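First the structure, in the form of structure tokens, and then the observations on it.
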Amino acid sequence: THQWRGIIEEYRDRLPVSDSTPVVTLREGGTPLVPAQVLSERTGCEVHLKVEGANPTGSFKDRGMTMAISKAKEEGAQAVICASTGNTSASAAAYGVRAGMVSAVLVPQGKIALGKMGQALVHGAKILQVDGNFDDCLTLARALSDNYPVALVNSVNPVRIEGQKTAAFEIVDMLGDAPDIHVLPVGNAGNITAYWKGYREYADDGVSTRKPRMWGFQASGSAPIVRGEVVKDPSTVATAIRIGNPASWNFALAARDESGGAIDEVTDREILRAYRLLASQEGVFVEPASAASVAGLLKAAEQGKVDPGQRIVCTVTGNGLKDPDWAVAGAPQPVTVPVDAATAAERLGLV
Ligand code: F0G
């Protein structure tokens with residue numbers, strides 16, 4: 001009877017919904033804010049992880065999708081479309097099913113993680129693999145929604161941002177105030193836009209006394225905001241943020257500048273190091289793109305840019321099971337043993 005009701009019911013008065021909005025929900029949000037002991041020791045700060053992989057489809061996209069699909073249904077849409085590096089499409093596919101709508105998804109060919117493709121498939125989405133990158137997929141999705149009866153549910157749809165801002169509310173509600181710094185990965189730049197909006201609203205209404213500095217991190221091979229120019233052929237192991245021309249570019253710059261924050265880059269090596277640290281030392285299994293936030297925090301700490309004693313929240317955006325290839329790659333093969341306790345004990349180093 002006390003189950004979390006999903007972000008629309010929990011934050012109804014702060015979202016653009018009315019009594020006549022049909023709420024399409026999988027009870028997203030209410031995700032864990034986990035104290036990160038090793039990261040705290042390394043930085044001399046109080047670091048928390050906002051574990052968005054705990055959402056129903058395994059990423060933060062569900063917060064925006066419950067809003068986008070509910071509003072599309074309210075407006076009478078029968079079909080929705082999105083471009084995606086995988087998580088948005090997984091979420092659109094699931095929420096589409098709940099709403100009884102057709103979901104069409106456009107993904108860059110060969111560049112989305114298997115788990116995400118599996119989600120879109122099992123939920124029965126109509127999938128097109130586009131011969132191009134995410135930016136091409138988004139161009140195509142916009143053209144289709146402009147000219148055909150299908151609603152766009154990418155984060156260029158402002159209600160997606162409205163849903164996603166609730167993660168900032170949850171953090172303030174848990175901590176009692178905003179943190180000093182909020183760190184997150186940046187791809188299409190919708191999420192940094194959304195968090196900043198959420199933090200601003202709570203501060204403006206006096207729910208919090210302050211706003212955090214917003215720190216965003218892009219992957220080095222896909223860092224248009226850092227470079228100040230579109231990246232034509234983005235590349236990174238973190239396929240979720242393999243984006244060369246972010247739709248919310250200007251909003252990300254505003255979040256950075258208004259908050260006194262920063263947008264920087266991390267290499268694939270730094271991303272994978274943070275990915276392994278999170279799994280092996282914090283017990284939190286995330287997908288590579290998610291580790292960009294933590295990689296960025298560690299990089300900043302190594303550069304002496306993190307004053308000790310601060311309260312820091314890193315959003316880890318997606319579940320590690322989405323893209324398990326990186327967990328398996330390079331790890332030793334498990335040994336095979338007979339059904340024999342003595343041998344097993346020896347192999348486990350118990351004797
Ligand atoms: N982390 C993950 C796991 C993502 O899937 C994404 C974006 C991001 C971070 C970056 O967030 O785009 O708001 O800056 N994934 C989108 C998708 C592009 O299609 O699933 P952003």
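Since every read-out is calculated from the coordinates, none of them should be taken as a lab result. Being a predicted model, the structure only gives us computed values, none of them experimental. Cβ: placed from backbone, ideal geometry, glycine included. Neighbour counts: every protein chain shown.
Assorted remarks:
- Taking the chain as a Gaussian network of alpha-carbon nodes connected by springs under 10 Å, the highest mean-square fluctuation of the residues Ala143, Ala189, Ala72 belongs to Ala143.
- Only helical runs count toward this figure. For the chain, summing -39,500 (n - 2.57) over DSSP H runs of n ≥ 4 and dividing by all residues gives -12000 deg cm²/dmol at 222 nm.
- Relative pair counts by distance (%), Cα atoms of the stretch 1-139, 10 Å bins: 12, 35, 30, 17, 5, 0
- Here the stretch 273-351 and the stretch 144-169 have alpha carbon centers that stand 32 Å from each other.
- Charge dipole of the chain about the Cα centre (unit charges at C-beta), most positive-ward option of Ala203, Ser235, Gly296: Ser235
- GNM flexibility winner over the chain from Gly86, Gly64, Gly100 (Cα, springs under 10 Å): Gly100
- Gaussian network model of the chain, Cα within-10 Å springs - most flexible of Gly118, Gly190, Gly163: Gly118
- When the listed pairs Lys126/Lys322; Lys61/Lys111; Lys61/Lys197; Lys111/Lys165; Lys61/Lys305; Lys116/Lys197 are checked against a 21 Å cut-off, the alpha-carbon distance exceeds it for Lys111/Lys165; Lys61/Lys305; Lys116/Lys197.
- P(r) for the chain, from all Cα pairs and a bin width of 20 Å, is 32, 57, 11, 1 %, short bins first.
- Taking all pairs of distinct alpha-carbon atoms in the stretch 243-319, Kirkwood radius in angstrom: 13.6
- Remark on the stretch 80-138: ratio of C-alpha radius of gyration to 2.2 N^0.38 Å is 0.98.
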